[in-house]
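The values are calculated or read from the model by the stated rules, or taken from the named source; none is laboratory data. This structure is a prediction, so every number in the text was calculated from the model and none was measured. Glycine gets a Cβ as well: all are built from the backbone with ideal geometry, and neighbour counts include every protein chain shown.
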Amino acid sequence: MSELNISNPADGDLVHTHNLVKVYEAKGRLAVTAVDGIEMRVASGEFTAIAGPSGSGKTTLLNLIGGLDQPTSGWVTVAGQDLSALNRNNLAAFRLHHLGFIFQAFNLIPVLTAEENAEFTLLLQGIPGKERRNRVVKELESLGIGSDLIKRRPHELSGGQQQRVAIARALVSRPKLVLADEPTANLDSRTGANLLTKMRDMNAHTGITFLFSTHDPMVIERARRLITLRDGKIVGDNVQE
Amino acid sequence: MSILLIIAWRNIWRNRRRSWVLVSALAVGTFCFVGGLAYVDGFFHQIIRGAIQLQGGHIQIASRGYDNNPTIASYFDYTKEARNSLDAMDGISHAVRVQAPGMISSAAQSSGTLIVGVEPTLEKQMSDVPQSIIDGIYLPDIATSNLIVLGQALAERLDVLVGERIVLMVNDVNNEISATAYRVAGIFRTSSRAYDIAHVFIDASQARDLVGYPNGTASLVSVQLASQRDLDASAEALRTQLPSPDLEVRTWKERSPVLVLMSDMMGMANIILVIVLFTAIGFTLINSFTMVIFERIREIGIMAAGGVRPPQIRTMLYMEGVFILMLGTAIGSALATGLIAWWSSVGLDLSRFAEGLASFGAASVVYPYVDWVHLLGGYLMIFLLVGLALLYPSIKASRFKIVDAMTHV
């Protein structure tokens with residue numbers, strides 16, 4: 001990671017977007033502006049939800065912050081790194097070492113067991129075997145995935161169990177920022193509430209920053225800060241108690 | 001990297017039928033290549049071995065120009081010093097030959113032939129003929145009477161049996177007709193019927209008497225090497241040892257450039273066979289792996305989002321291809337090995353084409369032979385072609401836009 005210019009910004013912002021625009025253009029169709037000039041700062045350690053109706057640009061904004069998509073104009077810095085300055089390889093390395101992702105559809109790798117899925121990031125980071133194994137088992141256990149489940153493949157787990165494994169995969173490497181796109185959408189409310197509590201605990205204990213895109217009231221209630229989007233623009237930004 | 005290897009291996013078995021189709025295609029291709037190579041190499045190996053064993057040896061020492069014009073007047077004094085200097089060289093065996101074209105006649109028939117005078121003791125270490133006796137005996141080490149060994153095909157043509165008499169007649173070195181009667185000591189049969197008809201063997205001292213050569217002379221000295229690899233070095237050493245301007249040291253490659261050319265061309269034909277076979281198989285691989293990446297586009301997107309770099313995605317797909325390739329080539333090679341083992345014991349009988357094959361100096365029964373250089377060259381070509389076939393799908397996979405890949409349905 002020596003080639004990446006990672007620093008702690010002087011202003012303490014972990015994420016900073018400036019005049020961020022994303023326009024989707026398709027042949028023969030009208031261009032759609034999914035994100036329209038968003039100016040946003042997220043400080044380290046926040047537990048923030050980005051809410052808004054469908055098509056308001058939540059997922060697109062999260063993808064731009066995670067370096068999964070390129071903005072049409074404007075820029076994003078994460079931990080002081082301008083993501084547009086990175087090529088595909090360096091961007092992948094940046095995501096590997098600094099970001100964690102949780103998706104609505106769990107997105108586990110089907111040929112790997114729960115344990116292997118959870119340790120995937122650590123394996124790519126080259127963490128030695130014993131340390132890796134200890135961290136993964138501890139993480140999975142803290143999320144309620146015991147030894148009876150860790151050798152199972154994703155299709156042998158329930159939705160809630162799969163999402164726990166996905167959360168373990170995102171958190172086990174202790175990234176600076178976790179981007180969670182509708183993490184509770186495919187879960188029943190009890191499982192969703194349980195996992196949100198775990199994530200909030202993790203945020204409190206480790207200082208990992210969580211940024212959710214959601215329209216789930218349960219997530220919105222638990223977020224300390226709520227950013228509301230409409231038509232690709234921020235229409236509300238409130239700190240909640 | 002190890003986790004990507006694990007994923008690559010497990011991915012193969014997600015669609016077993018497709019993987020086995022690919023493995024089978026590669027196995028059949030490898031089987032055809034190795035089997036074809038064993039046949040072609042075996043064919044030419046036998047021709048070359050025949051040219052070496054039955055004719056002048058790996059290296060031939062003769063009067064200058066003898067190869068192009070082997071007249072009875074072309075002989076040389078094979079001195080004791082020359083023989084001793086050859087004896088002193090490691091890794092070679094050598095024997096004198098006195099050769100003359102002549103006529104062989106029995107009571108029933110006559111036939112043109114090449115009369116070859118040999119040193120029986122040395123010849124037994126150098127030629128296949130002494131081991132190819134099927135009736136009677138080879139020439140004795142010390143000649144006590146006029147004995148001759150001839151091929152089965154010639155014996156049938158002349159209608160003679162072991163113990164019966166024939167007459168050899170030549171135009172001797174003084175251009176006089178010289179004839180001597182011989183008793184048939186033995187009848188041989190080599191893998192080449194053409195050779196069996198065209199050659200008869202008598203003792204070298206009796207051959208000298210027949211053609212009028214002085215004692216200690218020879219038409220040529222045949223040199224056999226322990227290893228074919230030493231061919232050029234040994235020829236050079238012999239040229240140094242025998243610096244006479246009247247003598248010429250020639251390797252079998254120099255004597256038979258057509259054979260060398262044909263052998264090289266067949267080596268090229270093997271490569272062309274591999275290219276044709278595996279280009280066709282390569283298109284199957286391109287098609288299958290393109291399907292694979294579109295089936296797994298979402299997973300590839302997830303992995304890329306998680307920090308897997310594009311070169312790692314390419315490597316993972318390549319590893320899938322390599323696993324399939326290794327399985328296919330292993331199965332194909334194992335089957336081809338079985339074929340070659342069976343074929344080695346029974347040979348491939350091409351006797352219906354014997355006449356045509358004889359014109360090449362080839363035997364009518366071909367035994368497989370694998371030249372390791374050709375084999376390795378072929379395998380390298382297979383790996384190269386499969387590598388090229390995987391290039392497009394793997395590059396395609398590594399260039400997906402992550403967001404598009406993850407939302408692909």
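Within the stretch B:317-327, identify whether any single residue is at pLDDT 90 or above and either within 18 Å of residue B:43 (Cβ to Cβ) or hydroxyl-bearing (Ser, Thr, Tyr) (or both), and answer yes or no. Lay out the reasoning, then the answer.
Residues of the stretch B:317-327 that are at pLDDT 90 or above, as a first pass: B:317-327.
Checking which are either within 18 Å of residue B:43 (Cβ to Cβ) or hydroxyl-bearing (Ser, Thr, Tyr) (or both) leaves us with B:318.
So far as the stretch B:317-327 goes, yes, one or more of its residues are at pLDDT 90 or above and either within 18 Å of residue B:43 (Cβ to Cβ) or hydroxyl-bearing (Ser, Thr, Tyr) (or both).
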| Here is a list of conditions, (1) closer than 18 Å to residue A:199 by Cβ; (2) assigned to a helix (DSSP H, G or I); (3) charged (D, E, K, R), and residue A:174 meets all of them except one; can you say which number that is? | (2)
| task | Output the number of residues of the stretch B:223-241 satisfying the condition of being under 17 Å from residue B:87 (Cβ atoms), more than 20 Å from the chain's Cα centre (by Cα) and surrounded by 20 or more Cβ atoms within 10 Å (Cβ to Cβ). | result | 2
| said: If residue B:303 satisfies all but one of (1) more than 14 Å from chain A (Cβ to nearest Cβ); (2) surrounded by 16 or more Cβ atoms within 10 Å (Cβ to Cβ); (3) out of contact with any strand residue (DSSP E or B) (no Cβ under 6 Å at 6 or more places or on another chain); (4) not charged (D, E, K, R), what's the number of the condition it fails? | reply: (1)
| helices (runs of 4 or more DSSP H) wholly in the stretch B:290-409 with at least 1 residues that are more than 28 Å from the chain's Cα centre (by Cα) and in contact (Cβ under 8 Å) with a residue 24 or more places away in the chain - which ones? | B:297-305, B:310-346, B:372-398, B:402-406
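Just one of B:193, B:189 is over 24 Å from residue B:70 (Cα atoms), at pLDDT below 95, out of contact with any Phe, Trp or Tyr (no Cβ under 6 Å at 6 or more places or on another chain) and charged (D, E, K, R); which is it?
Testing whether each residue is over 24 Å from residue B:70 (Cα atoms), at pLDDT below 95, out of contact with any Phe, Trp or Tyr (no Cβ under 6 Å at 6 or more places or on another chain) and charged (D, E, K, R) leaves just B:189.
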| message | For the stretch A:34-43, which positions are surrounded by fewer than 17 Cβ atoms within 10 Å (Cβ to Cβ) and out of contact with any Asp or Glu (no Cβ under 8 Å at 6 or more places or on another chain)? | response | A:37, A:39
| request: Using the structure shown, decide if residue B:18 is in a helix (DSSP H, G or I), within 25 Å of residue B:276 (Cβ to Cβ) and of a type in the set (D, E, K, R). | output: yes
| Segments classed as helices (runs of 4 or more DSSP H), wholly inside the stretch A:78-144, with at least 3 members that are within 13 Å of chain B (Cβ to nearest Cβ) and closer than 21 Å to residue B:309 by Cα | A:88-98, A:114-125
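So which of B:226, B:179 is of a type in the set (Gly, Ala, Ser) and either under 24 Å from residue B:90 (Cα atoms) or touching a Cys at 6+ places or on another chain (Cβ under 8 Å) (or both)? Break it down into steps so the answer makes sense when it comes.
Values: B:179 fails: either under 24 Å from residue B:90 (Cα atoms) or touching a Cys at 6+ places or on another chain (Cβ under 8 Å) (or both).
Residue meeting the stated conditions: B:226.
May I ask you to say which residue of B:310, B:257 is closer than 30 Å to residue A:66 by Cα and either at pLDDT below 85 or in contact with a Lys or Arg (Cβ under 9 Å, 6 or more places away or on another chain) (or both)? If you could, list the steps in order and put the result at the bottom.
Working: B:257 fails: closer than 30 Å to residue A:66 by Cα.
On inspection, the qualifying residue turns out to be B:310.
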| said: Whether any residue in the stretch B:49-58 is in a strand (DSSP E or B) and on the phi > 0 side of the Ramachandran plot is what I want to check. | reply: yes
| Quick one: residue A:104 ticks every box in (1) modelled with pLDDT under 90; (2) in contact with a Ser or Thr (Cβ under 9 Å, 6 or more places away or on another chain); (3) surrounded by 21 or more Cβ atoms within 10 Å (Cβ to Cβ) bar one, so which box is it? | (3)
| task | Test each condition in (1) within 18 Å of residue B:136 (Cα to Cα); (2) surrounded by fewer than 22 Cβ atoms within 10 Å (Cβ to Cβ) for residue B:179 and report the one that comes out false. | result | (1)
| query | For the stretch B:129-163, how many residues meet the condition of being among the β-branched types (Val, Ile, Thr), surrounded by fewer than 18 Cβ atoms within 10 Å (Cβ to Cβ) and in contact with a helix residue (DSSP H, G or I) (Cβ under 9 Å, 6 or more places away or on another chain)? | reply | 3
| request: Answer yes or no as to whether residue B:93 is away from chain A (no Cβ under 14 Å), modelled with pLDDT under 90 and out of contact with any helix residue (DSSP H, G or I) (no Cβ under 9 Å at 6 or more places or on another chain). | output: no
| Restricting the first residue to the stretch B:74-92 and requiring it to be under 15 Å from residue B:216 (Cβ atoms), which pairs with a second residue that is acidic (Asp, Glu) meet a Cβ separation below 7 Å and a spacing of at least six or different chains? | B:76/B:246
| task | Within the stretch A:177-196, track down each residue that is over 30 Å from residue A:81 (Cα atoms) and either part of a strand (DSSP E or B) or of a type in the set (Val, Ile, Thr) (or both). | result | A:191
| Residue list for the stretch B:1-49, restricted to those being within 14 Å of another protein chain (Cβ to nearest Cβ) and either charged (D, E, K, R) or within 34 Å of the chain's Cα centre (by Cα) (or both) | B:10, B:14, B:16
